[in-house]
1. Report the full-extension gain for the segment residue 73 to residue 55: residue separation times 0.36 nm, less the Cα-Cα distance, to one decimal in nm.
2. Starting from the amide H of residue 57, placed 1.01 Å from N in the peptide plane, find each other amide H under 5 Å away whose residue is 5 or more places distant or on another chain.
3. Along each of its three principal axes, how wide is the spread of alpha-carbon positions in the chain, in whole angstrom units, largest first?
4. Using the alpha-carbon centroid of each, what span in Å lies between the stretch 77-93 and the stretch 5-51?
5. Per-residue ellipticity at 222 nm for the chain, helices alone: DSSP H runs ≥ 4 residues times -39500 (n - 2.57), over residue total, nearest 500 deg cm²/dmol?
6. Working out 0.36 nm times the residue gap between residue 91 and residue 26, then minus their Cα-Cα distance, what length gain in nm do you get to one decimal?
7. Accessible area of the chain with a 1.4 Å probe: how many percent of it is carbon plus sulfur?
8. Tell me which of 95, 45, 20 sits at the most positive position along the dipole axis of the chain, charges placed on C-beta atoms (Lys, Arg +1; Asp, Glu -1).
Amino acid sequence: MSVSETEAGRELVAEWQGLQGRLAEWVLKLAEFDSAGLWAIDGFTSCVSWLEVKCDIARGKAFEKVRVAHELTRRPVIRSAFAAGTLPFTRAQALTRLAGLDDEREVSV
C-alpha cells in the first residue's frame, strides 16, 4: 500500500468522525428544540411531524432521531463518544435502546 492510499484512508476516517460529531451536535440541538416545543411555532403538533416536513425525514427515522436526542441528554458516556465521532449514530441509537442503563451504569463505548 502506498503512503497516499494510507493517507487517503486516514482522511476518510477523520471526515467520517467529523460528520458523526456534527450529527451529534444537530441531534442535541434537536432535543432542545423539541423540549422547548419550538416546532409548534410553525403550526405542527409534534417535533416528529416538523422533521418530516421541514427536513424531509421519513416518520420512523424522525421518531428515532427525537428518541435518541432525548436519550443522549441523560447518557453522558454515549453522548460524549458520539460527539467525539468515535461512536456512529447507528450504534448510539442501539445503545440508547438498552434498558436499565443510566448515568451510573452505562456501558463503556
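The values are calculated or read from the model by the stated rules, or taken from the named source; none is laboratory data. Keep in mind the model is a prediction, meaning the values are calculated, not measured. Methodologically, a virtual Cβ is constructed for each residue, glycine included, from the backbone with ideal geometry; neighbour enumeration extends over all protein chains shown. Surface areas here come from the heavy atoms of the whole protein model, side chains and all, with no ligands, DNA or RNA. Shrake-Rupley method; radii C 1.70, N 1.55, O 1.52, S 1.80 Å.
1. Difference between extended and current length: 4.3 nm.
2. So residue 57 has HN proximity to 52.
3. 56, 35, 20
4. 12
5. -21000 deg cm²/dmol
6. Gain in length upon complete extension: 21.8 nm.
7. Exposed carbon and sulfur together represent 57 percent of the surface.
8. 45
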